[in-house]
Ligand SMILES: [Zn+2]
């Protein structure tokens, strides 16, 4: 088991994770008022893959991502869509699950919804009121920021620079403009509310996470994650609420940088796709995942057609490597089959050992890079070094070591054929299925021929038709 070190936003230091106890990871999930953007996918991918890596090193991990399914933005979007807000939020939650499912990285261990955590939220607010850290005003409840000494320690802001970003209407209800809402009284036009000691209303955004994190991971847990845009006010407020209520809360705060679109305007017409589902349709799962780990998680990451095309080229290079050096055939050994024999150099004679060492030492360095503040670009550089060495014939071949590395970042499907079909081919395949169901066999044959031109053979099996690259 490697020592895994992560940069902690709170202390500003790189600290080692405790390997003795379960590593609880809580990452803030989306507010479901629209389909998620590629920017929302970054924390999902970073923390899913961190979880995967820690488990592969022998750490016990519980990974939690919440869903904020009640919020002003949701009320507004539902009104615009002419739908009840609860139904709208449920639809968008479903779309979020669907979109992230397509990343192919599995699901977090728990995905609590704010609307299903009302009881713990209300009792945490009641504790804060009882302790004098919060007060009721006009049916709302506010956190009394100046009652908590540590306020500002996460974001290191001066109080003059703190703007809670709350609606102007609440200003007159606050003792101090620094205070923020824990509970919001039901307003005209809002179609959902819950009972509380302060009357009908709904939770504020920040208190949800304090309550959900504790409900899933207990009062103290290893890592609280999220995008760097959440440091203030969201995470500063979570920390204040939980610590004021006597919980140790997160031992380490880990923040990913933002996806930056630069001067380029995001629009479909400019081919500059920003919604996750659209990026997946256009570039494929592997390129999207590769793009999201192509920069260090803490750095901002530029997004545009150019970056996505580079990612497509990288995954194509990996796919070609397996085509040439043999990958995993359907029915072959499962992904992640360990290759213990590699790395000892036993099958490599002296002069054959390349400068980078045998394939297994690249694998070791790949893991070392991930253990060092989850440095995915450095890890991926090891993959491409090894691929280059094998392609140049400097080492016999190394598909197993490359496969094991790719398994750790969710890209092992590049070694097989099952996921290799592109969106166009998949769309044609389902069109063919529809034609067959409608007994339009002429059309079905036409599509089969078109697929053949694109390099795909259609195989009809018991579980339906699938695409196999033509040999
Ligand atoms: Zn949160």
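We did not get these values from a lab; they are worked out from the coordinates using the rules stated. Just so it is clear, the structure is predicted and the values come from calculations on it, not from any experiment. Methodologically, a virtual Cβ is constructed for each residue, glycine included, from the backbone with ideal geometry; neighbour enumeration extends over all protein chains shown.
May I ask you to derive the FRET efficiency for residue 167 and residue 372 from their Cβ-Cβ distance with R0 = 45 Å, giving the value to the nearest 0.05?
Computed FRET efficiency for residue 167 and residue 372: 0.55.
Would you calculate the volume per residue, in Å³, of the smallest convex hull containing every Cα atom of region 41-112?
85 Å³
Please figure out what share of the DSSP beta bridges in the chain is antiparallel and state it in percent, rounded to the nearest 5.
Bridges in the chain are about 50 percent antiparallel.
For 148, 374, what's the fewest-to-most ordering of other Cβ within 10 Å of each Cβ?
Fewest to most other Cβ atoms nearby, the residues stand as 148, 374.
Quote the convex hull volume per residue of region 61-182, based on C-alpha atoms, as a whole number of Å³.
173 Å³
What FRET efficiency, computed as 1/(1 + (r/R0)^6) with R0 = 25 Å and r the Cβ-Cβ distance, is obtained for residue 391 and residue 310, rounded to the nearest 0.05?
Approximately 0.85, to the nearest 0.05.
Diagonalise the Cα gyration tensor of the chain and give the resulting equivalent ellipsoid semi-axes, square root of 5 times each eigenvalue, largest first, whole Å.
Listed largest to smallest, the semi-axes of the chain are 44, 30, 18 Å.
Residues of region 33-65 with the amide nitrogen closer than 18 Å to a label point 7 Å from the Cα of residue 423, along Cα-to-Cβ, please.
35-42
What order do you get for 253, 183 when you list them from fewest to most C-beta neighbours inside 10 Å?
253, 183
Mark the label point 7 Å from the Cα of residue 97 along Cα→Cβ and return the residues of region 24-67 whose backbone N is within less than 19 Å of it.
From region 24-67, the list is 27-37, 41, 44-45, 48, 63-67.
Ranking 325, 37 by Cβ neighbours within 10 Å, fewest first, what do you get?
Lowest to highest Cβ neighbour count: 325, 37.
Out of every Cα-Cα pair in region 157-233, what percent are more than 20 Å apart?
Value for region 157-233: 47 percent of Cα pairs lie more than 20 Å apart.
Which values of log₁₀ I(q)/I(0), to two decimal places, follow from the Debye formula for region 143-288 at q = 0.12, 0.17, 0.19 Å⁻¹ with a uniform point scatterer at every Cα?
With no solvent term, the Cα-only Debye profile gives -0.69, -1.07, -1.16.
Just for the Cα atoms in region 366-435, what are the lengths along the principal axes, largest first, rounded to whole Å?
Dimensions of region 366-435 along the principal axes of its Cα atoms: 51, 32, 15 Å.
Can you give the Rg to Rh ratio for region 425-470, taking only C-alpha atoms and Rh from Kirkwood?
Rg/Rh for region 425-470 comes to 0.93.
What FRET efficiency comes out for the pair residue 90/residue 149, r = Cβ-Cβ distance, R0 = 35 Å, nearest 0.05?
Plugging the Cβ-Cβ distance into 1/(1 + (r/R0)^6) gives 0.30.
What distance in nm separates the simple spin-label points at residue 20 and residue 433, each placed 7 Å from Cα in the Cβ direction?
5.2 nm
At residue 260 and residue 186, where each label point lies 7 Å from the Cα along Cα→Cβ, what is the point-to-point distance in nanometres?
Label at residue 260, label at residue 186, 4.6 nm between them.
Rg and Dmax of region 120-192 over Cα atoms: what are they, in angstrom?
13.0, 38
Provide the convex hull volume over Cα atoms per residue for region 1-147, in Å³.
Considering the Cα atoms of region 1-147, their hull volume per residue is 159 Å³.
Using 0.36 nm per residue of separation minus the Cα-Cα distance, give me the extension gain between residue 381 and residue 294 in nm, one decimal.
30.4 nm
Report relative contact order for the chain in percent, whole number only (criteria: Cα-Cα under 8 Å, sequence separation at least 6).
Dividing the mean separation by the residue count of the chain yields 15 percent.
What number results when the radius of gyration of region 200-265, computed over Cα atoms, is divided by 2.2 N^0.38 Å?
Dividing the Cα Rg of region 200-265 by 2.2 N^0.38 Å gives 1.30.
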